[in-house]
Amino acid sequence: MAQLNFKGKSSIYNHHLTVKYHQLLPAKDKSFTDNFGLNDNLIIHGDNLIALKALLPTYGGKIKCIFIDPPYNTGNENWVYSDNVNNPMMRAWLGEYVDREDLTRHDKWLCMMMPRLRLLKELLSETGVIFVCCDDNEVHNLRMIMDDIFQEENWIGTIVWRNVTDNNPTNIAIEHEYIICYAKNKVDIESMWTSRFSDAKDQLISIGKYLNAKYEDKNELKQAYVKWFQDNKQFLGQLDRYKYIDKTGVYTGSQSVHNPGKEGYRYDVVHPITKKPCKQPLMGYRFPENTMKDLLERNKILFGKDENKIIELKLYAEEFEDKLSSVIQLDGRLGSYDLKEVFHDTTKVFDNPKPVQLL
């Protein structure tokens, strides 16, 4: 199999094993609660390699999700690889700022990443996943070192984050970064992921609240929404099926009452107007009669004009979840705005913070 080799690899390959364990000490004066300790949310101040090793005894094999944002190695970050590696030649090589003039900057970046990634893998649970941010400076090396440590078959995918508009005159305008995702064991994780974020979804929720506040009469509410829906359907994408509204909000009908693939439950559901049993799905209903009664009581069932149409479940816009796309468009400046909400009186706390919605 292909091997990833770089300067210093032999010296740092097992460096994570030589890092001493350190005790995590709670800082009472910096705690947000009186019940301070190590069993709540933690912010750890210290060298990140030592911090990871300190977490290992308590959290080894238990972490479900890891998100890291290492130096992108742009040549302008002024980062120093300063791990205490017990090798005189390595020590002579390290200790200076890594800039674009450093011809071994990619090697130093890989030396910095390897012991941390090896510890992070130990922290992951068997169903855990890790997301790593980077850009074009190191994305090629990141894929190789992740394949080396996590194995190629555990690669889940690469998210391209379009986070900026570049108006500079260049050959190709760079307007994106990457988020690389691997699993501890891909065979043990869910086969499908979804995202609850959608601009069209937000619009439907917003117009539903607005119209409900404006109209008390059900017919006026429906007429107002029909008008809005006709004017805006072309902008809703795959949410253009959400053509109904009630006092709970905007919704569509879902055929998830059908039992897939095999014979399900059989019982009558009476149409509220014709008082006749509605047509049943081909393979019957997917849930028992008591569940159906509960759905009817909660007004979660959508009927047709008469009993000849199979009933549907009401699926409200706020319940919509989309596929998790490999391309995300989100303004990178939102991270700074999010941070300002927390640190009101500080001009700069962290460089290049990631938006909460991205996470």
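Each of Leu204, Leu56, Leu103 has its accessible area taken with a 1.4 Å probe; listed largest first, they run Leu103, Leu56, Leu204.
For the range 9-193, the carbon plus sulfur part of the accessible surface works out to 52%, probe radius 1.4 Å. Built from the Cα atoms of the chain, the convex hull projects on average onto 27.2 nm², one quarter of its surface area.
DSSP loop trypsin sites (Lys or Arg not before Pro) in the range 192-240 with at most 11 other Cβ atoms within 10 Å of their Cβ, which ones? Counting only loop positions with at most 11 other Cβ atoms within 10 Å, the trypsin sites (Lys or Arg not before Pro) in the range 192-240 are Arg196. Just so you know, the Rg over Rh for the range 54-130 is 1.06, from Cα atoms, with Rh as the Kirkwood radius.
Taking label positions 7 Å along the Cα-Cβ direction at both Lys64 and Asn87, the computed distance is 3.9 nm, reported to one decimal. Measuring only protein heavy atoms, the 1.4 Å probe finds Cys278 accessible over about 10 Å². Report note on the peptides 303-311, 17-25: ranked by the mean count of other C-beta atoms within 10 Å, highest first, their order is 303-311, 17-25.
When the chain is described by a simple charge dipole with +1 on each Lys and Arg Cβ and -1 on each Asp and Glu Cβ, the residue from Gly261, Asn137, Asn167 located farthest towards its positive end is Gly261. Taking the inverse of the mean reciprocal distance over all distinct Cα pairs, the Kirkwood hydrodynamic radius of the range 199-322 comes to 15.6 Å.
The values are calculated or read from the model by the stated rules, or taken from the named source; none is laboratory data. Quick caveat, the model's predicted, so the values are computed rather than measured. Quick reminder, even Gly has a Cβ in these numbers, built from the backbone with ideal geometry, and neighbours come from all protein chains shown. When the accessible area is computed, the model is the full protein with side chains, heavy atoms only, and any ligands, DNA or RNA have been set aside. Shrake-Rupley method; radii C 1.70, N 1.55, O 1.52, S 1.80 Å.
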